[in-house]
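Engineer: One structure, as structure tokens, below. Some questions next.
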Amino acid sequence: MAESTFTERAEEFYAKLMREHYEVGAGLKADLEIAPIYDSYADLFSEPSVKQRIGSMRRDRASKEARHLADFSVSSYIENATKELTEAITNAELKATVEWDAQQVPYQNVHSILVREPDYKRRHELEHRRLAVTVKQNPERSRRIIAQDDLARGLGFASYRSLVEELRDWDLTQFSKALDPLLAETEDIFEDQLVKNLGNARVPRGQVDTSDIAYVMRAPEYDPLFPGDRLVPLFEKTVTQMAMPLESTPGLFLDTDKRPLKSPRAFCAPVRVPKEVYLVIKPVGGQDDYRALFHEAGHAEHFTHIDPGLPFAFRYLGEEAVSETFAFLFEHLTLNPRWLVDYLRVPLRDAEKYRRFGLFNKLWLVRRYAAKLRYELLLHDQGPEGMDTAYRDILGEILHVAIPPERYLDDVDDAFYVAAYLRAWIFERQLESFLEEHFGEGWYESRDAGGFLRSLWAIGMRDSVAELARTRVGAQGLDIQPLVAELADF
Ligand SMILES: [Zn+2]
């Protein structure tokens, strides 16, 4: 197949897949049907074609385009080979229900009930019933992970981990070790904050589990600070101040319509980059709604500002941490007391209090992902057999609460996406420090800061976050120190 035909068809395939995810998530379609899309583009990731892509990458190590295209081919090949299992798991979860208070609650909605249940005994019981549904798909999840590892070896990689490392140009073992100082330095402050924040959950310290954390993170006391009707206008104001009003990004489609099947969580669907990118939200208000919208808005701004003249390999493919960095940068505004006071008219005292709560939430997440990375490396290196106790122990030790072993396969992201989040959290702190240094504390009101961000967005996902750290913000590379400093600043 000619190179131009390959990239054109790959882009078409990607757009169809993303449109399917958009339509199901937006509630326009009931079932996820990705198998027919894979079938009609099977030539893109037939085994000979995938091996040819790997060969091109190895012949020309300097070509990012060759590496991104190999990554696309290999990932699609593995996803294609496991698509029936993926669909079976997703569709079983969409149809599953949990009995609660004499009602059949959709499995997907259990979380929203759980985070509002003030009685810890009832909360634990509901969590227990949810986990009983989760474990039903564990045999499929286990088969899927084993299949990923077998497919990686079939393509000539030593393991699934080394496949991901070569395609991303990562060293995951070294990266995981580099996070140890972060865990050590935040250990005491984490326990301290955990105990403080658990006060509201009214649960004995020895019995705390992850459902109590979910309850604590819901924090309804902050909801009045974040009204639903201000959410979209505030996003519009924020981008307008940075000299990029929504009218200037015709590719960004805000989907705020109410539909019964619409996902309660905001998401961004880059269907055609940069011309057709959906930002899907159900604006109900509250702190987590604001955080989710601004996070997804960061993705949407990034995708809609990518230079349309760039090749497919740089508009769609590359390190996800790049887009996650911009998502975290926007999300982080909702933790910024100055932004909260100026834009949302939150009293300074409340803004400071909320910042500390948000910081605890972030500390929990960063530690959780560092723990997950440690666990996922073990899971892929040793296989899923008996890994439920490793999951429980590794996460339990780092998070200081009881971890349900039942989630040892469900709480796992494909292709170590967990590393992308961690790299993005690290680089986001470096980027924001740079923005503050050059454009002031109120960088988010600066046209020049907006211009600087647009220059970063324009190059799409061509460069990794480690390269961006070196070439754009004057650092030596990724540096965990700004993140560690922030996480200790209560
Ligand atoms: Zn994201």
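The values are calculated or read from the model by the stated rules, or taken from the named source; none is laboratory data. Predicted model only: the values in this text are computed from it and were never measured. Neighbour counts are summed over all protein chains in view; Cβ atoms, including those assigned to glycine, are modelled from backbone coordinates with ideal geometry. For accessibility, only protein heavy atoms count, side chains too; no ligands or nucleic acids. Shrake-Rupley method; radii C 1.70, N 1.55, O 1.52, S 1.80 Å.
Engineer: Going by the conditions given, is Pro274 out of contact with any Cys (no Cβ under 8 Å at 6 or more places or on another chain), more than 15 Å from the ligand (Cβ to nearest atom) and farther than 30 Å from Leu179 by Cα?
Structural biologist: Yes.
Engineer: State yes or no: is Leu363 under 30 Å from Ala415 (Cβ atoms), away from the ligand (no atom under 16 Å from the Cβ) and assigned to a helix (DSSP H, G or I)?
Structural biologist: Yes: the conditions hold for Leu363.
Engineer: Name the residue that is nearest to Glu324 (Cα to Cα), counting only residues in region 268-281 that are assigned to a loop (DSSP other than H, G, I, E, B) and among the β-branched types (Val, Ile, Thr).
Structural biologist: Val273
Engineer: Considering Asp463, Asp489, Asp448, Asp410, which residue is surrounded by fewer than 20 Cβ atoms within 10 Å (Cβ to Cβ) and modelled with pLDDT under 95?
Structural biologist: Asp489
Engineer: When you scan region 401-421, how many residues do you find that are in contact with a Leu (Cβ under 6 Å, 6 or more places away or on another chain) and closer than 20 Å to Gln207 by Cα?
Structural biologist: 3
Engineer: What is the residue count in region 119-139 for residues that are under 15 Å from Ala88 (Cβ atoms) and either open to solvent by less than 50 Å² (accessible area, probe 1.4 Å) or not in a helix (DSSP H, G or I) (or both)?
Structural biologist: 4
Okay, residues lined up against (1) acidic (Asp, Glu); (2) buried (at least 21 other Cβ atoms within 10 Å of the Cβ); (3) in a helix (DSSP H, G or I); (4) in contact with a Cys (Cβ under 7 Å, 6 or more places away or on another chain):
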{"site": "Asn197", "(1), (2), (3), (4)": "no, no, yes, no"}
{"site": "Met217", "(1), (2), (3), (4)": "no, no, yes, no"}
{"site": "Leu234", "(1), (2), (3), (4)": "no, no, yes, no"}
{"site": "Glu247", "(1), (2), (3), (4)": "yes, no, yes, no"}
{"site": "Leu254", "(1), (2), (3), (4)": "no, no, no, no"}
{"site": "Ser263", "(1), (2), (3), (4)": "no, no, no, no"}
{"site": "Pro283", "(1), (2), (3), (4)": "no, no, no, no"}
{"site": "Ala297", "(1), (2), (3), (4)": "no, yes, yes, no"}
{"site": "Gly309", "(1), (2), (3), (4)": "no, no, no, no"}
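Engineer: Moving on to the next point. Which of the helices (runs of 4 or more DSSP H) found entirely inside region 1-74 contain at least 1 residues meeting this: crowded, with 16+ Cβ neighbours inside 10 Å and in contact (Cβ under 8 Å) with a residue 60 or more places away in the chain?
Structural biologist: In region 1-74, 3-25, 47-59 are the helices (runs of 4 or more DSSP H) which contain 1 or more residues that are crowded, with 16+ Cβ neighbours inside 10 Å and in contact (Cβ under 8 Å) with a residue 60 or more places away in the chain.
Engineer: Please go through region 394-447 and pick out each residue that is away from the ligand (no atom under 16 Å from the Cβ) and among the β-branched types (Val, Ile, Thr).
Structural biologist: If the condition is that a residue be away from the ligand (no atom under 16 Å from the Cβ) and among the β-branched types (Val, Ile, Thr), then Ile394, Ile398, Val401, Ile403, Val412 are the ones that fit.
Engineer: Please find, among Pro347, Pro337, Pro311, the residue that is free of Cβ contacts under 8 Å to residues at least 12 places away in the same chain and away from the ligand (no atom under 16 Å from the Cβ).
Structural biologist: Selected residue: Pro347, the only one of Pro347, Pro337, Pro311 that is free of Cβ contacts under 8 Å to residues at least 12 places away in the same chain and away from the ligand (no atom under 16 Å from the Cβ).
Engineer: Kindly establish whether Phe330 is within 16 Å of the ligand (Cβ to nearest atom) and either outside any loop (DSSP other than H, G, I, E, B) or open to solvent by 40 Å² or more (accessible area, probe 1.4 Å) (or both).
Structural biologist: So Phe330 fits the description; yes.
Engineer: Take region 140-164 and flag every residue that is of a type in the set (A, V, I, L, M, F, W, C), outside any helix (DSSP H, G or I) and touching a residue at least 24 places away in the same chain (Cβ under 8 Å).
Structural biologist: Passing the criteria: only Leu155.
Engineer: Return the pairs, sorted by first residue and then second, in which the second residue is surrounded by fewer than 17 Cβ atoms within 10 Å (Cβ to Cβ), the first residue lies in region 173-185 and is modelled with pLDDT of 95 or more, the beta carbons are less than 8 Å apart, and the residues are 6+ apart or on different chains.
Structural biologist: Going by the 8 Å Cβ cut-off, the qualifying pairs are Glu185/Ala488.
Engineer: Related question: So Phe439 fits all but one of (1) farther than 26 Å from Thr304 by Cα; (2) open to solvent by 30 Å² or more (accessible area, probe 1.4 Å); (3) of a type in the set (A, V, I, L, M, F, W, C); what number is the exception?
Structural biologist: The number of the failed condition is (1).
Engineer: Looking at (1) in the same structural domain as Arg462 (by TED's automatic domain parsing); (2) surrounded by fewer than 16 Cβ atoms within 10 Å (Cβ to Cβ), which is the one condition that is false for Gly156?
Structural biologist: Here Gly156 clears every test but (1).
Engineer: Sticking with this structure for a sec: Considering region 280-300 alone, what residues qualify as being under 21 Å from Leu431 (Cβ atoms), more than 12 Å from the ligand (Cβ to nearest atom) and acidic (Asp, Glu)?
Structural biologist: The answer is none; no residue qualifies.
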